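Where a number appears in this text, it was derived from the coordinates with a stated rule and is not lab data. None of the values given here were measured: they were computed from a predicted structure. Cβ sites come from the backbone with ideal geometry, for glycine too, and all protein chains shown count toward neighbours.
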Amino acid sequence: MRTSRRTIAAIAAVVLAVLGIITLVAYVNDADDRAFEGTTLVPAIRVVKDVPAGTKATDLDDSVEVVKLPKSAVPGTALTTLDPVADLVTTASLAPGEVLVSGRFGDPDGAGEGGANDGTVTVPEGMQELTIKVASVRALEGSLKAGDTVGVVATYDPERQTNFAANQVLVLSSKKAPNAVPDAASDDVVVRLAVSSLDASKIVHAAELGHIYLTKQGDDSKVDRRLVTTEGVLK
């Protein structure tokens with residue numbers, strides 16, 4: 001009789017423990033739902049494991065997951081499926097928590113760290129290609145690589161005015177500019193960008209009539225875009 005009571009008590013304890021876990025999970029899920037209440041959620045692919053450069057997109061299934069995130073936190077070039085990059089490889093290493101964007105992929109023959117500056121990535125749909133030549137000191141000393149995103153700062157001498165001409169511009173490729181003098185070192189960098197029509201016009205205007213500086217930006221980079229003049233700098 002005592003054994004029977006102990007058995008019943010043990011079973012009851014297990015049942016209560018299971019019910020407690022179920023209740024806790026339901027509470028946590030409900031809390032997550034409340035946190036995103038009123039927020040527009042969109043699907044995105046998030047990295048869950050470290051991924052080395054040069055990894056085939058078709059080998060990423062165990063390293064990524066599809067999640068729903070607030071629309072404001074998802075870049076415009078974010079992927080919702082790996083199908084568009086199925087024939088490509090990663091151009092740089094990927095870290096857990098990173099939202100996967102198309103700019104992280106390039107042709108197998110050109111991608112990978114070490115020679116990453118010579119790699120290329122595909123042009124996002126609806127964008128145009130634009131190539132600019134910038135002095136190395138104004139382009140992060142040539143450290144930019146395919147898949148990076150940059151801000152384009154335009155400055156004009158006579159007007160003494162400076163501002164961002166464009167932000168979150170995808171770098172398609174970056175390499176040292178050839179020198180017209182044989183065996184002479186070049187301090188210029190040729191950077192190929194994916195841009196909208198308006199950004200292309202702004203960047204070309206700055207390149208022809210002013211000076212351009214490139215800043216490396218991340219998905220969470222904050223930009224205070226305002227016109228800067230000599231008077232404003234010295235205030």
Computed FRET value (nearest 0.05) for Ser196 with Ala86, which takes r as the C-beta separation and R₀ as 30 Å: 0.70
Footprinting exposure proxy for Asp59, Asp157 (fewest neighbouring C-beta atoms within 10 Å first): Asp157, Asp59
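Quick one: divide the alpha-carbon radius of gyration of the stretch 42-106 by 2.2 N^0.38 Å and tell me what you get.
Dividing the Cα radius of gyration by 2.2 N^0.38 Å gives 0.99.
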For Ala165, distant residues with modelled amide H under 5 Å away: Val152, Val153, Ala154
Footprinting exposure proxy for Ser102, Ser143, Ser93 (fewest neighbouring C-beta atoms within 10 Å first): Ser143, Ser93, Ser102
Sorted by Cβ density within 10 Å, fewest first, the residues Thr77, Thr131: Thr131, Thr77
Selection from Val150, Ala207, Gly218, by position along the positive dipole direction of the stretch 121-235 (Cβ): Gly218
Dimensions (Å) - the stretch 128-232, Cα atoms, principal axes, largest first: 44, 32, 23
Given charges at beta-carbon only (K, R positive; D, E negative), |dipole| of the stretch 128-232 in Debye: 140
Charge dipole magnitude, Cβ of K and R +1, D and E -1 - the stretch 120-171, Cα centre, debye nearest 20: 120
19 Å Cα-Cα reach of Lys56 towards lysines, excluding residues that sit fewer than 8 places from it in its own chain: Lys145
